[in-house]
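See below for the structure under consideration.
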Amino acid sequence: MGHLFVYVRFFLYLCTRIAGLLFRMLTRLHVSCMLKIASYDIVFQEVPGETTLALNISGCPNRCPGCHSPHLWTDMGEPLTSMLLADLVRRYRTGITCVCFMGGDGEPQTVFRLAEQVHEAGLRTAWYSGRAFSPLAEEGLPSGWSEGSGALDFVKTGPYVEACGGLRSPSTNQRFYRRRGEGAWEDATFLFSRSNPDLLVSV
Ligand code: SF4
């Protein structure tokens with residue numbers, strides 16, 4: 001009877017080790033096709049009216065001349081897993097109203113999936129994309145947009161063009177949209193106008 005108990009314990013131990021090994025292998029496979037965050041910060045200007053946890057995502061494919069953050073072109077930082085996102089949301093939940101994905105143009109569908117997770121936690125979501133597209137148009141939308149964009153409340157689009165300036169510039173090529181309902185968006189770039197009281201500091 002004593003021997004049987006030892007064998008059972010050994011068998012259970014082996015099962016646990018094998019399960020752990022398989023889990024680590026699967027996690028690595030999953031992580032290899034994930035977005036990575038180089039840094040994060042609490043910001044007040046990127047999404048007017050919101051206190052935002054901004055996740056700076058690396059691996060940007062856009063290569064805008066005059067880019068303010070060329071270090072984000074490389075594949076650097078920590079994999080943005082669901083677990084890491086849940087941890088960040090839990091940590092800052094009481095002080096923020098919104099989570100903004102700054103980048104992620106290499107994997108829009110991952111952005112949508114993670115935005116859904118943020119929505120489920122009761123926060124608003126924003127995506128700063130460097131792609132030139134408009135939610136008001138039917139063509140040129142990122143892959144997965146029709147299924148995934150319902151998880152976004154705000155979208156900034158357009159590459160950075162030095163001669164045009166950022167969202168606060170009157171000649172900007174970039175646009176800022178907010179969702180007004182199921183599949184309905186409005187161009188809300190005017191929120192970045194210098195007369196908007198939410199923007200007390202220059203961006
Ligand atoms: S989208 Fe942003 S991070 Fe990417 S190249 Fe353009 S300015 Fe730089």
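The values are calculated or read from the model by the stated rules, or taken from the named source; none is laboratory data. In this text the structure is predicted, and so the values were computed from the model without any measurement. Every residue, glycine among them, receives a Cβ derived from its backbone with ideal geometry; neighbour counts consider all protein chains shown.
Of note:
- Gly158 over 17 Å from Tyr177 (Cα atoms), out of contact with any Ser or Thr (no Cβ under 6 Å at 6 or more places or on another chain) and assigned by TED's automatic domain parsing to the domain that holds Gly77: no
- Output for the stretch 65-124, where each listed residue is surrounded by fewer than 19 Cβ atoms within 10 Å (Cβ to Cβ), at positive phi and within 16 Å of the ligand (Cβ to nearest atom): Gly66
- For first residues located in the stretch 43-72 and without any contact (Cβ under 8 Å) to a residue 24 or more places away in the chain, partners that are assigned to a strand (DSSP E or B) and lie 6+ apart or on another chain with Cβ distances below 8 Å form the pairs Ser69/Asn56.
- Filter result for Leu55 (within 16 Å of the ligand (Cβ to nearest atom), at pLDDT 95 or above and assigned to a helix (DSSP H, G or I)): no
- Any chance Ser134 is in the same structural domain as Gln109 (by TED's automatic domain parsing), modelled with pLDDT of 95 or more and small (Gly, Ala, Ser): yes
- Cβ-Cβ under 6 Å pairs, at least 6 apart or on other chains, the stretch 144-165 side without any contact (Cβ under 8 Å) to a residue 24 or more places away in the chain and farther than 17 Å from Glu46 by Cα, far side within 16 Å of the ligand (Cβ to nearest atom) and not aromatic (Phe, Trp, Tyr): Cys164/Thr172; Cys164/Asn173
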